[in-house]
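The values are calculated or read from the model by the stated rules, or taken from the named source; none is laboratory data. Everything numeric here is computed off the predicted structure, so don't read it as measured data. Cβ placement follows ideal geometry from the backbone for every residue including glycine, while neighbour counts extend to all protein chains displayed.
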């Protein structure tokens, strides 16, 4: 893919480009929401930042899944819902694990004694790094394996449908 402004604009106008923009848009909503939850848990309820990241992920995973399923992939089917939720949850756990690890390291590298703002910014950056690593992989995984049968209202061919039911027997 070319990275010229014209090529990027053309890609953004394509079906795939619009889907990627919707995926990014969901993140624009959930990243700040997650950050707010983590900071409220940490500063108001005095929950350790690593536990705050975990609790936030537990609360936001289901709404994030539903937003992605319905708004990004525009998938209204109820087929394989258990598989979709399980895979999405596993991706969330992986992202949360990365984020918790990076938050732990950032908390050690920039202790609160150096200042509340510096510590909070380090925690924020660590979370973004942890979730960012998994964000791209999750998109590719969901797009190519989980929601690949979404053909904008068309029924997938029988051989593809059969393959989908074999991919993740949950």
Options 50, 40, 29, 59; residue that is part of a helix (DSSP H, G or I), more than 17 Å from the chain's Cα centre (by Cα) and at pLDDT 90 or above:
40
Check whether at least one residue in region 70-78 is buried (at least 17 other Cβ atoms within 10 Å of the Cβ), touching a residue at least 24 places away in the same chain (Cβ under 8 Å) and within 14 Å of the chain's Cα centre (by Cα), and report yes or no.
yes
